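Structure record follows, encoded as C-alpha cells.
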Amino acid sequence: MDAITPLRPSIFLCFYLLLLATTLTLRFAESQSFIGVNYGQVADNLPPPDATAKLLKSTTIGKIRLYGADPAIINALANSGISIVVGAANGDIPNLASDPNAAAQWVNANVLPYYPASNITLITVGNEVLTSGDQGLTSQLVPAIRNVQNALNSASLGGKIKVSTVHSMAVLTQSDPPSTGSFNPALQDTLKQLLSFQRDNKSPLTINPYPFFAYQSDPRPETLAFCLFQPNSGRVDSGNGKLYTNMFDAQVDAVHSALSAMGYQDIEIVVAETGWPSRGDNNEVGPSVDNAKAYNGNLINHLRSLVGTPLMPGKSVDTYIFALYDEDLKPGPGSERAFGLYKTDLSVSYDVGLAKSSQQIPPSSPKTPAPTTAAGWCVPKAGASDAQLQANLDYACSSEGVDCGPIQPGGTCFEPNTVASHAAFAMNLYYQTYGKNPWNCDFSQSATLTSQNPSYNACVYPGGSI
C-alpha cells in the first residue's frame, strides 16, 4: 500500500496525546466493571467486612461475587460503587421452587434491606447444579429461578437485578476446538428452559472456566504457556481457522459456540470463577506463586485490552477472579486453600496490578536507560509470531494512556481485522505515549523502529520525525 508522507507532529497532535494519556490514566485509576473477584468465606481468619470493603475500594476491582448473602459485607459495600452478586445456595432451591412465597421472603430478607445503597446486580440460584448429579435438584432449578425473578418483579426490581445460575465447564461435552463447543445432550431439556428464561429476562449465562485444571490434565510446557497467556505457537481452530493464543479465550468461545448451536448466541456470557492457586500439595501439578501471578496478571491485562476473544472481538467478558482471600477451611487438596489474590492481613499474595496506585512496568526496559532523541514509528519485526503479537497487543492496550479504541469494531483502524495489524497500531501508540525511547519499542525483541509511516487510508499512526 502507498505510505502517507511523514509529517512533523503538530501542536495539536502533542495536545491530543497529552489529553489521551490524562484521560486513560484517570480511567485506569477507577474501578473497571469487567474485573470482579469472588469472596469465599470458608475460613476462620478473614478480615472484618469494613476492612475488606476498604481494600476493594483501593483497587480497580469493580464487582464482587458472594456465595451467599452475608449482610455484613453487603452493608460494608454500601455506596462503594462496587456491584454485588449474591447467591442462593443449592440447599435453598427446593423451597424456592415449590413456594413462590419462599422466594419473596428470600428477596425481602437478602435484597430489599440493602438495595440500592448496596449495588446488587445479580442473584445466582445454585452453584454447578446441572453437573451435581442430583436429578431432583436439576428439575427444580428453573422453577426456583422463575420464582425469584417473579419476586423481584413484584418488588419493581425485575429490570434492575438479574437472576442466573452458575455452571461448571462440565456442562459441555465438547470444547476442543472451540468452534465445536456443545452442551451435554442429557442437559438439553433443562438448558432450553433455562436459556429461554435468560433470553426473555436478559440475564447472563455464568460459567466457571479454569485453565488451571486444563493444564493439570495435560501438563506439557507448551500447554502451560497457552494457559498462562505467555508467548506460544498458538492453536488454530480446525473448524473456522481462527488462532487461539490462550486457553481462557478458547474455553469462553467453546461456551459461545455451544450457545450458538442451540440458537442462543445472543445471551451474554459471564465468567463467574477463574483463577490459579499459588501453592498446593507436593503431588499437584501447576500451583506456584509464579504461575498464579502470570495467569491472573496476564488475564487482567487481556481484559483491560478490550481485545475480546476470536469469536467475540472488541469487548471483555465480565470476569470474577477466584478468589479475594485464601480460605483455610476448604476441604480437598492444598491448592483449594491457596487461590487468594490477597492475604488475610490485607497484603497482596502477589502483585497483579489491581491497586489504583500501581503502575505497569514496560517490558524489557534496560537497567540504566539513557534518554535519546527518537523518530518514526514502532512496528512489529518481520516474522514475529501471532502469539507474540497478541501478547504485545494485550500489554499495550492495557497500559495507562494507550487508547485502543481505533482498533475496536467501528474504529478507523479496525480493518484489516488481524492480530498483526491491530498489534502494530497498539505497539506504536505505546511507544509514542511512553517516551519514544528505544526500550519503549522492544516488546521482547519483536518490534523495531521505522522511518516509513505505516498509516493507511483513514487510519493514522501517531509519530514522525522530530
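The values are calculated or read from the model by the stated rules, or taken from the named source; none is laboratory data. Remember, predicted model here, so these are calculated numbers, not experimental data. Cβ coordinates were reconstructed from backbone atoms using ideal geometry, including for glycine residues, and neighbour counts include every protein chain displayed. Please note that ligands, DNA and RNA were not included when accessible areas were found on the heavy atoms of the full protein model with its side chains. Shrake-Rupley method; radii C 1.70, N 1.55, O 1.52, S 1.80 Å.
At a glance:
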read-out: Test: residue in region 106-122 that is open to solvent by 20 Å² or more (accessible area, probe 1.4 Å), part of a helix (DSSP H, G or I), out of contact with any strand residue (DSSP E or B) (no Cβ under 8 Å at 6 or more places or on another chain) and under 16 Å from residue 158 (Cα atoms); value: yes
read-out: Among (1) touching a His at 6+ places or on another chain (Cβ under 7 Å); (2) surrounded by fewer than 20 Cβ atoms within 10 Å (Cβ to Cβ), the one test that residue 130 misses; value: (2)
read-out: Residues that are in contact (Cβ under 8 Å) with a residue 24 or more places away in the chain, open to solvent by 40 Å² or more (accessible area, probe 1.4 Å) and under 20 Å from residue 228 (Cα atoms), drawn from region 319-354; value: 336, 351
read-out: Those residues of region 298-309 which are part of a loop (DSSP other than H, G, I, E, B) and either modelled with pLDDT of 95 or more or surrounded by 22 or more Cβ atoms within 10 Å (Cβ to Cβ) (or both), in sequence order; value: 307, 309
read-out: Residue selected from region 406-448 under the condition crowded, with 17+ Cβ neighbours inside 10 Å and aliphatic (A, V, I, L, M), by the criterion farthest from residue 386 (Cα to Cα); value: 429
read-out: First in region 191-203 and in contact (Cβ under 8 Å) with a residue 24 or more places away in the chain, second anywhere and open to solvent by 90 Å² or more (accessible area, probe 1.4 Å) and not aromatic (Phe, Trp, Tyr), Cβ under 7 Å, 6 or more apart; value: 197/146; 199/266
read-out: First in region 106-121 and touching a residue at least 12 places away in the same chain (Cβ under 8 Å), second anywhere and outside any loop (DSSP other than H, G, I, E, B) and hydroxyl-bearing (Ser, Thr, Tyr), Cβ under 8 Å, 6 or more apart; value: 119/83; 120/83; 121/83
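Yes/no per residue for (1) open to solvent by less than 10 Å² (accessible area, probe 1.4 Å); (2) in contact with a strand residue (DSSP E or B) (Cβ under 8 Å, 6 or more places away or on another chain); (3) closer than 17 Å to residue 219 by Cβ; (4) modelled with pLDDT under 95:
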residue	(1), (2), (3), (4)
241	no, no, no, yes
255	yes, yes, no, no
259	yes, yes, no, no
263	no, no, no, no
281	no, no, yes, no
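Every residue, every condition in (1) outside any helix (DSSP H, G or I); (2) of a type in the set (Gly, Ala, Ser), yes or no:
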position	(1), (2)
254	no, yes
257	no, yes
260	no, yes
272	yes, yes
286	yes, yes
296	no, no
317	yes, no
323	yes, yes
330	yes, no
